[in-house]
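Taken together, the values in this text are just the output of simple stated rules run on the coordinates, not laboratory data. These figures come from a predicted structure and were not determined experimentally. Note: ideal-geometry Cβ built from the backbone for every residue, glycine included; neighbour counts use all protein chains shown.
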Amino acid sequence: MSARPDAGVSRDLLYHLKRIRRVELEIARRYPEGAMRCPVHLSVGQEAVAAAVAVTLRREDLAVSGHRAHAHYLGKGGDLTAMIAEIYGKATGCSGGKGGSMHLIDEAAGFMGSTAIVGGTIPVGVGLALGMKQTGTDQISCIFLGDGAIEAGVFYESLNFAVLKRLPVLFVCENNLYSVYTPLAKRQPAGRCIADVAAAIGARTASGDGNDVEQVWSLMTDAVAALRAGSGPWFLELATYRWLEHCGPFYDNDIGYRSEAEFRAWQARDPVACHQARLIERGVIDAAMVARLDADIDGEVAQAFAAAEAAPFPEPGAAFTDLYAGP
Amino acid sequence: MAQLTFAAAINDALRIALTIDPRVICYGLGTDDPKGVFGTTAGLQAQFGAERVFDMPTAENAMTGIGVGAALYGLRPVLTHQRLDFALLSLDQIVNNAAKWHFMFGGRRAVPLTIRMIMGRGWGQGPTHSQNLQAWFAHIPGLKVVMPATAGDAKGLLLSAIFDDNPVIFLEHRWLHNLKGEVAEGDVRVPLGRAQRLRRGDAITIVAMSTMTAEALHAVDFLADHGVAADLIDLRSIRPLDWDMIAASVKRTGRLLVLDTGSLTGSVAGEIVAGIAERGWNDLQAAPRRLAVPDFPEATSPALTRTYHVRAEQIVDAVAAMLQRPIDSAPLAARRTHPHDVPGAWFTGPF
Ligand SMILES: Cc1ncc(C[n+]2csc(CCOP(=O)(O)OP(=O)(O)O)c2C)c(N)n1
Ligand SMILES: [Mg+2]
């Protein structure tokens, strides 16, 4: 396993963790204003996986994701302002206002699209990898998926093909224990390790603490190196926890599908706070640097929201464009 | 009679079905979760147990085929999807197995499976959470398709669907869930394949379904205030379709306007216009018309959906044009008090 990241990388990880957290919390704070008129699935509590991607994958690598994709888009280098504008339904949004929070894209950053049907982008990511293999590049196709998505038939069909063809696919599974309000126990047999399922199909796998950004970085660094050397598909299962409600801006531990105690236990392992404390302890950062980092991020996020809010809505006629490519 | 919401009426129907027939089971994503599929399945697991009312893995295709198998064994499964769009993963099982089984094995065994699919709209539901694909399902021989518009019909049609011996696609619109209406108490069924006349008039026949019926009611009452009496037919069933009621109405009115919640091309509205053109060509005094959703996916931004769905004022305009009678629909449009992308002030997102 790769050693822990050097000081520079670990500081970058902290930046990405904090930035994703800040963006998601700002969406949550402003959502009740009623100007972001689309469903939002926030990743507060799950930032470590996307933060590790930010420093592990290259810009020319490609990624796809699902409904809970803000963090993945940002981790892959997607344009922040264009994402916020998209959530506000603006013309400057990354999908021109057609897609909203659940349909993000930034091709310049290698983020090829996130969609709202669970499992829908899994084969798409494999198809991207097929293209990579045929053109002989050393790119990697990263597929973000949840613990729910591995219940879909298309996951098995796609993984089988990726293994069969030894495609450069990195499956990044965030196991946050729930699919909407349904715990794993009601969906999968007790004691199952999801990574074992992927291993049985022939992927190389690793599991780890998805709240420990350095551990995620380490697993991912090894997987990426192997992938570039032609290993064929990797499947990473990373244990984490969503803090907010499945869809929307609020906490929902009171509605009865999970316990406050469980939430608190995970919150105590806050990926952002834990990494920050660790870096301070190591002397890699100090309080003044943290304050500067926070201020920078606050400024960037405030600017993105201001730009998104000031941006024009698309012309009504834009609803009836883009159906087909070409004339 | 009780005043219930559409969602509560569905809950009532499920409760009755589970009570009177031990073969009924009820499952689908979120069936037993705290939100209970917008309240439609609330309390059912507590009352009937986890063997009969249960959640499922995120595996729509398999869970549909499992419903087919369970139905073949003798159960009466009711499968629920929080969005029709999710059920698209199960088209193979619906079309190749559920719809065909009785036919392709020479009528040996029926598939009494009910599949509820909820259709979204507005609040950025966007391209993949808002599709109204009744025409697809109605196109498949072997399926029955129903689309209630009122709370009473939601209950009565769901009971009929569950106790029908065939696969029934039960399409329920998210925007109707909070609408209240009169609901008969007990096991009162609304027959499949029968439309209902909601307003009587001789000037024009308006055919609608689901939310379009609600929209049409506003238009028809406004038209009545302007001296135009329209016949409003709420389809209730898309397949089988109540041709007799539509044809008889057109015979009287000579004019046909069909409203549809789905895209225009290949729509149920198109099928109705075609069928009436064949059956009642000589009854028609004017070219029939369809009002449907444009041939584009629904975009997410509220700025892109303002004119996407058919609105009451458009219905008035279409009727005025067909009757060649000027009627100003602006006052009707002005009555709308909530933003166009929500069903009412009660809806604040996100789903
Ligand atoms: C095919 C399909 N079925 C159901 C849904 C409804 N749905 C939206 S998100 C979600 C949860 C998926 O859980 P998981 O993959 O673990 O992702 P998480 O929300 O936990 O990030 C479900 C079931 C959907 N979008 N698509
Ligand atoms: Mg999950």
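Would you mind telling me which numbered condition in (1) within 20 Å of A:LEU17 (Cβ to Cβ); (2) of a type outside the set (Asp, Glu); (3) more than 16 Å from the chain's Cα centre (by Cα) A:ARG258 fails?
Failing condition for A:ARG258: (1).
Say whether the condition of being within 14 Å of chain A (Cβ to nearest Cβ), over 23 Å from the mean Cα position of the chain (by Cα) and in a helix (DSSP H, G or I) is met by at least one residue in the stretch B:48-63.
Start the filter on the stretch B:48-63 by keeping residues that are within 14 Å of chain A (Cβ to nearest Cβ), which leaves B:50-51, B:53-63.
From what's left, over 23 Å from the mean Cα position of the chain (by Cα): B:50-51, B:53-59, B:62.
Imposing the further condition that a residue be in a helix (DSSP H, G or I) reduces the set to B:62.
Yes, the stretch B:48-63 has at least one match.
Being touching a Gly at 6+ places or on another chain (Cβ under 8 Å), in contact (Cβ under 8 Å) with a residue 60 or more places away in the chain and away from chain B (no Cβ under 14 Å) narrows it down to one of A:ALA239, A:ALA304, so name that one. Talk me through it step by step, then tell me what you get.
Details: A:ALA304 fails: touching a Gly at 6+ places or on another chain (Cβ under 8 Å).
One residue alone meets the criteria, A:ALA239.
Return yes or no: is A:ALA109 away from ligand 1 (no atom under 16 Å from the Cβ), within 14 Å of chain B (Cβ to nearest Cβ) and without any contact (Cβ under 8 Å) to a residue 60 or more places away in the chain? Write out each step before concluding.
Details: away from ligand 1 (no atom under 16 Å from the Cβ): yes; within 14 Å of chain B (Cβ to nearest Cβ): no; without any contact (Cβ under 8 Å) to a residue 60 or more places away in the chain: yes.
The answer is no for A:ALA109.
I'd like to verify a number: residues in the stretch B:81-113 that are within 16 Å of ligand 1 (Cβ to nearest atom) and either over 23 Å from B:PHE54 (Cβ atoms) or part of a helix (DSSP H, G or I) (or both), how many?
Looking only at the stretch B:81-113, we keep the residues that are within 16 Å of ligand 1 (Cβ to nearest atom), and these are B:81-94.
Add one more test, that the residue is either over 23 Å from B:PHE54 (Cβ atoms) or part of a helix (DSSP H, G or I) (or both), and what stays is B:84-94.
Residues meeting the conditions: 11.
Condition first: free of Cβ contacts under 8 Å to residues at least 24 places away in the same chain, more than 11 Å from chain A (Cβ to nearest Cβ) and of a type in the set (S, T, N, Q). Now tell me which residues in the stretch B:327-351 satisfy that.
B:THR337
Could you check B:ALA216 against (1) under 30 Å from A:ASP322 (Cα atoms); (2) touching a residue at least 24 places away in the same chain (Cβ under 8 Å) and say which number it fails?
The single condition B:ALA216 does not satisfy is (1).
For residues that are more than 12 Å from ligand 2 (Cβ to nearest atom) and charged (D, E, K, R), scanning just the stretch A:138-184, find the one that is surrounded by the most Cβ atoms within 10 Å (Cβ to Cβ). Spell out the reasoning first.
Our first condition is that a residue be more than 12 Å from ligand 2 (Cβ to nearest atom); within the stretch A:138-184, this holds for A:138-143, A:152-172.
Applying the additional criterion that residues be charged (D, E, K, R) yields A:138, A:157, A:165-166.
On the way: A:ASP138: 13, A:GLU157: 14, A:LYS165: 16, A:ARG166: 14.
So the residue we want is A:LYS165.
Can you name the residue in the stretch A:89-106 that is within 14 Å of the chain's Cα centre (by Cα) and within 16 Å of ligand 1 (Cβ to nearest atom) and, of all such residues, is nearest to A:ALA308 (Cα to Cα)?
A:SER101
Could you list, ordered by first residue, the pairs with Cβ atoms under 9 Å in which the first is in the stretch B:283-310 and at the interface with chain A (Cβ under 7 Å from one of its Cβ atoms) and the second is part of a strand (DSSP E or B), at least 6 apart or interchain?
Here the result reads B:PRO294/B:SER263; B:PHE296/B:SER263; B:TYR308/B:VAL293, each pair linking the stretch B:283-310 to a residue that is part of a strand (DSSP E or B).
Which ones in the stretch A:129-153 are more than 14 Å from ligand 1 (Cβ to nearest atom) and under 18 Å from the mean Cα position of the chain (by Cα)? Outline the logic, then answer.
Within the stretch A:129-153, the subset more than 14 Å from ligand 1 (Cβ to nearest atom) is A:129-142.
Those that are more than 14 Å from ligand 1 (Cβ to nearest atom) and under 18 Å from the mean Cα position of the chain (by Cα): A:ILE140, A:SER141, A:CYS142.
If I go through the stretch B:262-317 residue by residue, how many of them are under 28 Å from B:MET245 (Cβ atoms) and not in a helix (DSSP H, G or I)?
Of the residues in that region, 19 qualify.
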